[in-house]
1. Return a yes/no flag: does segment 186-193 have any residue that is of a type in the set (A, V, I, L, M), over 19 Å from E106 (Cα atoms) and modelled with pLDDT of 65 or more.
2. Mind checking which residues of segment 61-82 are surrounded by 12 or more Cβ atoms within 10 Å (Cβ to Cβ) and either closer than 24 Å to R8 by Cα or in contact with a strand residue (DSSP E or B) (Cβ under 6 Å, 6 or more places away or on another chain) (or both)?
3. Pull up segment 126-139, narrow it to residues that are modelled with pLDDT of 85 or more and not charged (D, E, K, R), then point me to the one that is surrounded by the fewest Cβ atoms within 10 Å (Cβ to Cβ).
4. Which number in (1) within 30 Å of M187 (Cα to Cα); (2) part of a helix (DSSP H, G or I) marks the one condition that E139 misses?
5. Answer with yes or no whether A182 is aliphatic (A, V, I, L, M), modelled with pLDDT of 70 or more and under 21 Å from S103 (Cα atoms).
6. Here's a check for you: in segment 95-121, which residue that is more than 12 Å from the chain's Cα centre (by Cα) and in contact (Cβ under 8 Å) with a residue 40 or more places away in the chain is nearest to I31 (Cα to Cα)?
7. Considering only segment 18-77, state which residues are over 18 Å from the mean Cα position of the chain (by Cα) and in contact (Cβ under 8 Å) with a residue 40 or more places away in the chain.
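The values are calculated or read from the model by the stated rules, or taken from the named source; none is laboratory data. Just so you know, these numbers come straight off a predicted model, no measurement behind them. Cβ placement follows ideal geometry from the backbone for every residue including glycine, while neighbour counts extend to all protein chains displayed.
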Amino acid sequence: MTVREHPRKPSLNSPSPHAAHANDATIAQFILRQVEAGSNPYSAAGAAGIDTALLQTWLNEGRVQWTRYQASTADWARDFTPEQQDLALFYEALTMAVDTNRSRGEILLEQHVRGGLSKTTRRRKLVAGQVVEENETIETLLPSLDALRFKLEHQYPDVYGAKATLRLATVDMSDTPDVGRALEEAMTLVARRMAAIETTSSEEP
């Protein structure tokens, strides 16, 4: 019977299978770099050969150690093993990377909700492979009602999303003043943007 080599048990500091970049030398560094670029943490871990259960174990233990350090008088150098330190730092860095991506996405979504972004379109006319005419059009995008609907459905799913229920009560205490103000401000901004943007276009001969 052929004796096969025992598989190596992965750890945060194990060599990354994709160490093409200097900052991807370890599995932890590879995962963090992928998440910072926009990947889902579990997809990034899977690309490094780490299954979902193991990543979740690392994150759970990292959260425990990070919370312990933040909420107690435990000494970082004396009361935490090197492995516990690595897990805590990995948890904190991964959490920040995920929140940074989420924040970036929310800002981009809000820009589409408000409108006013510029869209540049370039058209070229070729004759025998040579450019004989080039036109550039710059448009100011209108507020996106689809983006607004997406935002409201995800921020207030009980009011606008799939979980919304038919409300028969005359007074609905679940619709707080904050919800009403948010919707009113968003719709007022949409109306103002749409009124301010010229809808006519001109073309030069």
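1. The answer is yes, given that some residue of segment 186-193 is of a type in the set (A, V, I, L, M), over 19 Å from E106 (Cα atoms) and modelled with pLDDT of 65 or more.
2. Of everything in segment 61-82, those that are surrounded by 12 or more Cβ atoms within 10 Å (Cβ to Cβ) and either closer than 24 Å to R8 by Cα or in contact with a strand residue (DSSP E or B) (Cβ under 6 Å, 6 or more places away or on another chain) (or both) turn out to be E61, G62.
3. Per the criteria, the residue is I138.
4. Condition not satisfied by E139: (2).
5. Here the answer is yes, as A182 does meet what is asked.
6. E110
7. Hits for segment 18-77 are A28, I50, L54, W58.
Residues checked against (1) part of a helix (DSSP H, G or I); (2) hydroxyl-bearing (S, T, Y); (3) outside the structural domain of Q155 (by TED's automatic domain parsing); (4) farther than 30 Å from H154 by Cα:
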site	(1), (2), (3), (4)
T2	no, yes, yes, yes
H6	no, no, yes, yes
G46	yes, no, yes, no
G62	yes, no, yes, no
Q65	yes, no, yes, yes
E92	yes, no, yes, no
N101	yes, no, yes, no
